[in-house]
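Participant: Got a structure here, written out as structure tokens. Questions coming.
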């Protein structure tokens, strides 16, 4: 019988001669007009990743998203002496979604970790994210300041309330029990991430990833996280967040609609339907009473004429009952119908997405990726 053993080595020595391959981690950091902090924070991330080198290989990918303040030059200078730091550039500001998609297409890692360049989530979250995704084989692990054990510090009151309620709304809208859906600090299974065919251009890419991952039945977990803006305050008052509040509110509402269309159509429709019940009931009851009295007083009148007179008398008594009841009922039926059509369209989209994802995976396997 032919042996597969290497001559001169026992099986035990062959096992020790093949060291286990360390997973490669791609740390993705997008940035726009971050000249005040980019060098310091990229250095801090690299120094932290060096402490994990006994378990992981790593690369850092910084995306300069069309900065106009020298951010790109500073990042290039920082990367010049580091072979595992890559700087990508957008000619103009294409926003967060496009920046992340650009980085994802250039990642070589087994895992992808996304971080904010302002380090509002400290680099120490990286190890905990990686430990969780490796141990559980989840497809996505989210750093969540809103789950039990999470914490928020030094965030302005209005922004804190807005973020918390946006995530509560999305948590109610999305399947599962996730507490943070808008946060960017996450760890991904790289192969799974690249199969999602992402389209979003701005920060709604974070919700898009969750939506598409849930459609594919992916396991998504969270770890408690500390969101701390103290470093932003130290960076100076001139540094402003690039997120436009009103646009973000609109995007969040739309994301909730994508997760569960009935929130926008069927729930308001059912509420209007309930509102219409009282005036419609009042109208029917009083029309019936007027019809009985008119028929008794003028028995020679035909049914149609007596009913018409009864409706006219009821309308004179309370015209607003007819208007409120009628319009509420019409709008309620329209909203409920739109909700049913939206849910039907969502099911069609899910089927098409499943099919597209399967074809994409088959193509990658066929090409040996």
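Participant: How many residues are touching a helix residue (DSSP H, G or I) at 6+ places or on another chain (Cβ under 8 Å), free of Cβ contacts under 8 Å to residues at least 12 places away in the same chain and in a loop (DSSP other than H, G, I, E, B) if we restrict to region 284-337?
Facilitator: Number satisfying all stated conditions: 2.
Participant: Now a separate question. For region 79-96, indicate whether the set of residues that are surrounded by 18 or more Cβ atoms within 10 Å (Cβ to Cβ) and under 17 Å from the mean Cα position of the chain (by Cα) is non-empty.
Facilitator: Yes, there is a match, as at least one residue in region 79-96 is surrounded by 18 or more Cβ atoms within 10 Å (Cβ to Cβ) and under 17 Å from the mean Cα position of the chain (by Cα).
For (1) surrounded by fewer than 19 Cβ atoms within 10 Å (Cβ to Cβ); (2) more than 20 Å from residue 33 (Cβ to Cβ); (3) at pLDDT 95 or above, each residue gets a yes or a no:
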site: 201; (1), (2), (3): yes, no, no
site: 209; (1), (2), (3): no, yes, yes
site: 225; (1), (2), (3): no, yes, yes
site: 250; (1), (2), (3): yes, yes, no
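Participant: Then there's this: Can you pull out every residue in region 285-304 that is under 21 Å from residue 319 (Cβ atoms) and either modelled with pLDDT under 90 or surrounded by 12 or more Cβ atoms within 10 Å (Cβ to Cβ) (or both)?
Facilitator: Result: 286, 287, 288, 289, 290, 291, 293, 294.
Participant: Looking at 71, 16, 10 in this structure, which one is at pLDDT 95 or above and either in contact with a helix residue (DSSP H, G or I) (Cβ under 9 Å, 6 or more places away or on another chain) or more than 25 Å from residue 188 (Cβ to Cβ) (or both)?
Facilitator: Matching residue, one of 71, 16, 10: 71.
Participant: I would also like to ask the following. Of all residues in region 167-194, how many are in contact with a helix residue (DSSP H, G or I) (Cβ under 9 Å, 6 or more places away or on another chain) and at pLDDT below 90?
Facilitator: 8
Participant: Among (1) touching a residue at least 60 places away in the same chain (Cβ under 8 Å); (2) assigned to a helix (DSSP H, G or I), there is one condition residue 160 misses while meeting the rest; what is its number?
Facilitator: Single failed check for residue 160: (1).
Participant: Mind checking whether some residue in region 53-65 is buried (at least 17 other Cβ atoms within 10 Å of the Cβ) and over 13 Å from residue 27 (Cβ atoms)?
Facilitator: The answer is yes; a qualifying residue exists.
Participant: Would you check which residues across region 211-223 are in contact with a helix residue (DSSP H, G or I) (Cβ under 8 Å, 6 or more places away or on another chain) and modelled with pLDDT of 95 or more and list them?
Facilitator: Result: 219, 220, 221, 223.
The values are calculated or read from the model by the stated rules, or taken from the named source; none is laboratory data. Keep in mind the model is a prediction, meaning the values are calculated, not measured. Quick reminder, even Gly has a Cβ in these numbers, built from the backbone with ideal geometry, and neighbours come from all protein chains shown.
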